[in-house]
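Undergrad: I'd like to ask some things about the structure below.
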Amino acid sequence: MNILACFGSGQSRPSTTPSSTRARRSTFDPSKGARVVRPGPLPAAPPAAAAPPRAALAQKRPSVLSSRPNSAPSPSPSSSTPARSQAQAQVPAQSGSQRREDNSQAQRSQYNKDNMRRPSAVGSGSYGQANDPFACTHLTELMPITPIESTYRAHSGGTLPDGIEAPESREQNMRRLYVHDEDRVLLKVVHYGNPTSVGIEFEEGGDWQFKPLWTQRAGPRAQIYFHPSAVKAAIVTCGGLCPGLNDVIRQVVFTLDVYGVKEILGIQYGFKGFVDPKYPPVALTRKLVSRVHMAGGSFLGVSRGTPDLNDIVDKLQDWGINFFFIIGGNGSHAGAHEIYKRCLERKMKIAVVGIPKTIDNDLQLVDKTFGFDTSVEEAQRAINAAFVEASSAYNGVGIVKLMGRQSGFIAMYATLASGQVDIVLIPEVPFVLEGEHGVYNFMKKRLDKNGLCVVVIAEGAGQELLESSGGVDASGNPILGDIGKWFYSQVKAYFGKIKMSVDVKYIDPTYMIRARHCNSSDHIICSVLGQNAVHGAFAGYTDITIGLVNTHYVFLPIPKVIEVARKVDPNSNMWHRTVTSTGQPDFPMVPQKISEKKAQSQPSSPPKSQPTSPKSPVSGSSRSQSPGESRSLSCRRHPFDMKTSDRSM
């Protein structure tokens, strides 16, 4: 028979199987354009001696429960069959749905027992405190708490109607919904073979050999330590703006709602919302936050600084808060740690969970923080705009100042992403401006050869060249001088002094970057961070933050994260890739030159070079040109036509 004709007529395919053993007939329905399942006679019961399909499957593939280290071995199907038959003879007949529900509950109960966190085991075993420097604080270590079965469900746990058999994978998926407390993620994965390898890190004693450092895997647990109906959560956003803040708030609220939490408060304008009566907390619901991720900023508001911590803890206690989520950077996490310690002194049952927010990507231990990818993407737009301006002008110079107080990650990654940068200056790599090996001389060489030069400078770079106020802002960060504007004026003054006409353009996209909504990559990171923050709180962890480590999301103790700020390693592969792209040389910082510059800056001795006034004269196009720098516009090539070799020195 023609199979295509059989499908086209809507008839079933011929089969040699008797109709009594065919439970369903699969046919093609032209009206629906797909194959449909039509009911048929139920299959005949298998012989009594044959093993049930599920038992046979268990013989081929070990159960997830039986493979766990703390679970008791399950009896073999052959040995349990007689006992099961006797038990079935003593109990009344049940429907298929009742039997499936009873089996499902029994399996979930056994799985929950296996996944229950045993307080006596905390700090012992292969991941004990001695071997686990990144162990997270658990509330059972501080007070006696009885766990309950988790209310979190990503798979449907309901029963199926009679007559519909559940697939074998359904029960397996229900058991694989949760993360075990013993799951770990390696913090560092590179095993260096030689101490001279690029990117290697030495310990204080000079040891460089690989040591496995484990972090705790994030995710939902089978046992939770708070009843959702008794939970009252609070969310606060601190510090400056960052793309993705609203995404994190939204996912925290969504996940709390899935667990069954009904009371969620949004604290307005950072920690100040605890002490300013003009800004009471906002009741957050799933409907209220459903579209906040479409806009930038924080719809709760942000502020810098921390009021008296005792006042904050008083409010947490008065309002009955037992979940406290702090979205912020290093300073905010330091405040979160202090709040945790004060709550501990008062024996409050509260989970304090941080969600790292730092646009500079300067948080220790994690791969990257949310908003960083968006910042790099937007910074690249500014660099490309500076390149267009510089390439369209005669001897065009484009200067872009990017964020980065102590670390130059945004400047480094945006430079590499753009590919149109000649010089990138970051806080971790010192440089000099004047002299044969200085920045100015290299800029002149690029202008002589290519007719343009693009410079990217991080806001924290070259601060030793400026007069710093020495103060700190409300968040404890040092107040920096404006290196961008200062460098812009110095470049104009230098080329004016050597009688070389330049057209300098300066771009500072800082607030445009901070205020935009995040891109798709950061949408995903924000969603997972917000969800895992709630999972960590329900799992009973406190004084933790959530991070991305080697593509896995983990729980990290806050004290470890805020020990030091993360910085660019000048010996890393990524920095080497960046300077390979720009073609820039080292701009060595010579100690004698620094001392001479400081001496020149004294009032008794006027500066001999580099006037600081932004109104320094720049010679016009009518100046006389020296033979070495004379060049006609007709022979000047457009930068887009240049070969790769022309973009490097």
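Undergrad: Give the number of residues within the stretch 260-279 that are crowded, with 23+ Cβ neighbours inside 10 Å and either of a type in the set (Phe, Trp, Tyr) or assigned to a helix (DSSP H, G or I) (or both).
TA: Final tally of qualifying residues: 4.
Undergrad: How about the stretch 428-519: which helices (runs of 4 or more DSSP H) wholly inside it have at least 3 residues that are over 30 Å from residue 334 (Cα atoms) and in contact (Cβ under 8 Å) with a residue 40 or more places away in the chain? I'd like the intermediate steps shown before the answer.
TA: Working: elements: 439-450, 483-497, 510-515.
Per the criteria, 439-450, 483-497.
Undergrad: Select, from 471, 496, 481, 451, the only residue that is closer than 26 Å to residue 302 by Cβ and in contact with a Pro (Cβ under 8 Å, 6 or more places away or on another chain). Can you show your working first?
TA: Values: 496 fails: closer than 26 Å to residue 302 by Cβ; 481 fails: in contact with a Pro (Cβ under 8 Å, 6 or more places away or on another chain); 451 fails: closer than 26 Å to residue 302 by Cβ.
Unique residue meeting the criteria: 471.
Undergrad: With the structure loaded, tell me whether residue 511 is at pLDDT 90 or above and either buried (at least 17 other Cβ atoms within 10 Å of the Cβ) or touching a Pro at 6+ places or on another chain (Cβ under 9 Å) (or both) or whether it fails that test. Walk me through how you get there before you give the answer.
TA: Details: at pLDDT 90 or above: yes; either buried (at least 17 other Cβ atoms within 10 Å of the Cβ) or touching a Pro at 6+ places or on another chain (Cβ under 9 Å) (or both): no.
The answer is no for residue 511.
Undergrad: Among the residues of the stretch 520-564, write down those that are within 18 Å of residue 353 (Cβ to Cβ), among the charged types (D, E, K, R) and assigned to a helix (DSSP H, G or I).
TA: 560
Undergrad: Looking at the stretch 422-445, is at least one residue closer than 16 Å to residue 586 by Cα, basic (Lys, Arg) and surrounded by fewer than 24 Cβ atoms within 10 Å (Cβ to Cβ)? Give the derivation first.
TA: Residues of the stretch 422-445 that are closer than 16 Å to residue 586 by Cα, as a first pass: 422-445.
Those left that are additionally basic (Lys, Arg): 444-445.
Then drop every residue that is not surrounded by fewer than 24 Cβ atoms within 10 Å (Cβ to Cβ), which leaves 444-445.
Yes: one or more hits.
Undergrad: Residue 483 - would you say it is in the same structural domain as residue 377 (by TED's automatic domain parsing), more than 16 Å from residue 579 (Cα to Cα) and out of contact with any His (no Cβ under 6 Å at 6 or more places or on another chain)?
TA: On the way: in the same structural domain as residue 377 (by TED's automatic domain parsing): yes; more than 16 Å from residue 579 (Cα to Cα): yes; out of contact with any His (no Cβ under 6 Å at 6 or more places or on another chain): yes.
So residue 483 fits the description; yes.
Undergrad: Further, regarding this structure: Tell me which residues, restricted to the stretch 172-211, are in a loop (DSSP other than H, G, I, E, B), of a type in the set (D, E, K, R) and under 24 Å from residue 552 (Cβ atoms).
TA: Applying the first criterion (in a loop (DSSP other than H, G, I, E, B)) to the stretch 172-211 yields 176-183, 187-211.
Next cut, of a type in the set (D, E, K, R) only: 176, 181-183, 188, 201, 203-204, 207, 211.
Within the stretch 172-211, 176, 181, 182, 183, 188, 201, 211 meet the criteria.
Undergrad: Please name all residue pairs, on different chains or six or more residues apart, with Cβ atoms under 6 Å, provided the first residue is in the stretch 320-334 and is surrounded by fewer than 24 Cβ atoms within 10 Å (Cβ to Cβ) and the second residue is among the polar types (S, T, N, Q) and at pLDDT below 95.
TA: These pairs meet every condition: 331/475.
Undergrad: Give me the residue from the stretch 342-395 that is farther than 30 Å from residue 501 by Cβ and of a type in the set (Asp, Glu) and, out of that set, nearest to the chain's Cα centre (by Cα).
TA: Of the stretch 342-395, the ones farther than 30 Å from residue 501 by Cβ are 342-378.
Subset that is of a type in the set (Asp, Glu): 345, 360, 362, 367, 373, 377-378.
Details: 345: 32, 360: 12, 362: 12, 367: 7, 373: 9, 377: 16, 378: 18 Å.
Restricting to residues being farther than 30 Å from residue 501 by Cβ and of a type in the set (Asp, Glu), the top hit is 367.
Undergrad: Taking the condition in contact (Cβ under 8 Å) with a residue 24 or more places away in the chain, touching a helix residue (DSSP H, G or I) at 6+ places or on another chain (Cβ under 8 Å) and over 23 Å from residue 240 (Cα atoms), does residue 416 pass? Spell out how you get there, then give the answer.
TA: On the way: in contact (Cβ under 8 Å) with a residue 24 or more places away in the chain: yes; touching a helix residue (DSSP H, G or I) at 6+ places or on another chain (Cβ under 8 Å): yes; over 23 Å from residue 240 (Cα atoms): yes.
When the stated conditions are applied, residue 416 passes them.
Undergrad: Among the residues that make up the stretch 364-384, is at least one of them part of a strand (DSSP E or B) and at pLDDT 95 or above? Don't jump to the end; show me each part of the working.
TA: Filtering the stretch 364-384 for residues part of a strand (DSSP E or B) gives none.
No, the stretch 364-384 contains no residue that is part of a strand (DSSP E or B) and at pLDDT 95 or above.
The values are calculated or read from the model by the stated rules, or taken from the named source; none is laboratory data. Every value quoted in this text rests on a predicted model; they were computed, and no experiment measured them. Glycine gets a Cβ as well: all are built from the backbone with ideal geometry, and neighbour counts include every protein chain shown.
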